[in-house]
Amino acid sequence: MGDSQDPLNKRWDHLRKILERPGPFCHPEFEPSPEILDFIMTGCKILVIGAGGLGCELLKDLALMGFKQIHVIDMDIIELSNLNRQFLFRHKDIGSSKAEVAAAFINKRIAGCQVTPHFCKIQDYDESFYRQFHIIVCGLDSIVARRWINGMLISLLNYEDGVLDQSSVIPIVDGGTEGFKGNARVILPGLSACIDCTLDLYPPQITYPLCTIANTPRLPEHCIEYVKVIQWPKENPWGIQLDGDDPQHIGWIYEKSMERALQFNITGLTYRLVQGVVKHIIPAVASTNAVIAAVCATEVFKLATSCCIPMNNYMVFNDVDGIYTYTYEAEKKDNCLACSQVPYTIPIKDPAKYKLKDLIELLCESASFQMKNPGLTTVIDGKNKTLYMSTIKSIEEKTKENLSKSLVDLGLRDNSEVMVADLTSPSTMVLKLKYLVSDVEME
Amino acid sequence: MIKLFSLKQQKKDGEASPRSGNQKKPSAAQLRIAKDINELNLPKTCNTEFPDPDDLLSFKLIICPDEGFYRTGRFVFSFKVGPNYPHEPPKVKCETQVYHPNIDQQGNVCLNILREDWKPVLTINSIVYGLQYLFLEPNAEDPLNKEAADVLTNNRRLFEQNVQKAMRGGFVGGIYFDRCLK
Ligand SMILES: [Zn+2]
């Protein structure tokens, strides 16, 4: 009998009221039951990505809501400047892993909670790691990382004859903050708008024309960009790449941009501004993190329990001047590079004899494709491989020998996917090879 | 409206559900660059070189202008496409030393679509045309090499001589240029 079933334990009574009684806002298929609380506490596995400002809030919120199987992943170490808002960390923790310290803090403070830390990059794990989770919550500050995890969860989707198997969907709850602004969203990969569908929402980094920063700087940012983009690679003071987390590097950039600012009579250059421009830092506000994390944690709870219909699907929050909040449905893009790639199944009778040129011939001649110059790539053992591309001479020469190889000889297996780019379609198309003989028969 | 988990089908937990043929998929950047590369439509003065045909994210572009100040020259650019392509532009450097108002000694190139005016709808092809144009119409108003820009503005004849001298290999204004005639 779990902690949730103990009648003497009143700790979870407030959740019981929600999970053991029906209500007007419940999901239509919600069946009130004591088992739901048990699922949260024993079965449901959540991954929190990022143990920074949002991550600390998320871990605290989820743990106090009853989730016990929580994993947290973060590659960063704790810095002095984190301590004002990343409240799971103390001065003595500076230099230690965020994930490890955060996990240890929660486990000590909240009885029964088991947070497992991962002190590494999200890219260090493969699909077998991500597949174990029911829901993934992100408190990230990078678009690259968001797109990576988005792509990972989309790659876990399973399509049978073009129809999505809903049990392969792992929802993403994504939070983001910038100063007094924030957003929270729910993504059901393959079903609703994904990160790539709404890439326009993330403004590109501010960049200044190279010639302006080189010749006619007017802003302190121009001076910093100049030192970063032109002077650092030229003088390379320590013979290594610029590291925005190294105080010595930032110090050097500060000193050199100061010289430049003086030369052009530009004022307002500070050490903090240098840090901001080099690392693209936007000041973090603790209260915004708290609001956004609370919204995200609530969405995780709704998804895990079905006690309420999840947010549909994008909420913006702004308290720069008063409070403004608004929720709307971000739309799934038909031609999204990440999530609209429903593989097109191609049956192959005899893969040991079927050659790459036969496949290309099929793409060019069959009425349903009618391609012109298809370029074919694939991924074999995690590595990209160009199978054939006729339009680029240097690639054509190096890949033409593949044309007379069979699919099996090229390392393609049953269910392997081949990416096809061609003028005739607006984005790269994915083919899934379906071998009509089993792998065993082929040996 | 789907209901994601029914308590009866508590999937996961260690036993990874055997999804048929789950292979690592290419990133969105990879899918997009494959399309960009497959559909490159190069002007006859340009050529690409892929040292590793499996790596479409890093390659070289060679421009041999057939008119303008830089005809008879051969200029090599390196392209590095990052994981955030096409949200961010590729990193492009000129590997050939060139006496040019918009290219500096470190190979930095001042072309608006490589920085502030980049948009995800642009392609590798747009950059190729942009670079080619820089050789046909060097722009003295947005200089990276200010001396070259001043010469171009004040004395086109001298500018032409300097370009020739640099391309043949030699000193221009105290800077040595390697020979880069085709
Ligand atoms: Zn999408």
Mind checking whether some residue in the stretch B:54-75 is loosely packed, with under 14 Cβ neighbours inside 10 Å, modelled with pLDDT of 85 or more, touching a strand residue (DSSP E or B) at 6+ places or on another chain (Cβ under 9 Å) and not in a loop (DSSP other than H, G, I, E, B)? no
Scan the stretch A:405-426 for residues that are within 9 Å of chain B (Cβ to nearest Cβ) and touching a strand residue (DSSP E or B) at 6+ places or on another chain (Cβ under 8 Å) and jot them down. A:413, A:414, A:415, A:416, A:417, A:419, A:420, A:421, A:422
Look through B:124, B:113 and report the one residue that is modelled with pLDDT under 95 and within 11 Å of the chain's Cα centre (by Cα). B:113
Determine whether residue A:360 is of a type in the set (A, V, I, L, M), within 26 Å of the chain's Cα centre (by Cα) and over 18 Å from residue B:32 (Cα atoms). no
Residue A:230 outside any loop (DSSP other than H, G, I, E, B) and within 8 Å of chain B (Cβ to nearest Cβ): yes
Anything in the stretch A:35-49 that is more than 11 Å from chain B (Cβ to nearest Cβ) and either within 24 Å of the chain's Cα centre (by Cα) or surrounded by fewer than 20 Cβ atoms within 10 Å (Cβ to Cβ) (or both)? List them, or say none. A:46, A:47, A:48, A:49
Run down A:212, A:216, A:298 and say which single residue is touching a His at 6+ places or on another chain (Cβ under 7 Å) and open to solvent by 20 Å² or more (accessible area, probe 1.4 Å). A:212
Tell me, which residue of the stretch A:176-205 that is under 17 Å from residue A:144 (Cβ atoms) and among the β-branched types (Val, Ile, Thr) is nearest to the other protein chains (Cβ to nearest Cβ)? A:195
Within the stretch A:388-404, count every residue that is in contact with a strand residue (DSSP E or B) (Cβ under 9 Å, 6 or more places away or on another chain) and more than 7 Å from chain B (Cβ to nearest Cβ). 8
Looking at the stretch A:128-218, what strands (runs of 3 or more DSSP E) fall wholly within it and have at least 1 residues that are within 12 Å of the ligand (Cβ to nearest atom) and of a type outside the set (D, E, K, R)? A:172-178, A:181-187
Mind listing just one residue for me: the one in the stretch A:97-127 that is in a loop (DSSP other than H, G, I, E, B) and open to solvent by 30 Å² or more (accessible area, probe 1.4 Å) and, of those, nearest to residue A:174 (Cα to Cα)? A:121
Tell me, please, whether a residue that is touching a strand residue (DSSP E or B) at 6+ places or on another chain (Cβ under 6 Å), of a type in the set (S, T, N, Q) and at pLDDT below 90 can be found in the stretch A:372-387. no
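Residue by residue, here is whether (1) touching a strand residue (DSSP E or B) at 6+ places or on another chain (Cβ under 8 Å); (2) open to solvent by less than 70 Å² (accessible area, probe 1.4 Å) holds:
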{"residue": "A:251", "(1), (2)": "no, yes"}
{"residue": "A:256", "(1), (2)": "no, yes"}
{"residue": "A:268", "(1), (2)": "no, yes"}
{"residue": "A:283", "(1), (2)": "no, no"}
{"residue": "A:288", "(1), (2)": "yes, yes"}
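The values are calculated or read from the model by the stated rules, or taken from the named source; none is laboratory data. The structure displayed is predicted, hence computed values, not measured ones. All Cβ positions, glycine included, derive from the backbone under ideal geometry; neighbour counts span all protein chains shown. When the accessible area is computed, the model is the full protein with side chains, heavy atoms only, and any ligands, DNA or RNA have been set aside. Shrake-Rupley method; radii C 1.70, N 1.55, O 1.52, S 1.80 Å.
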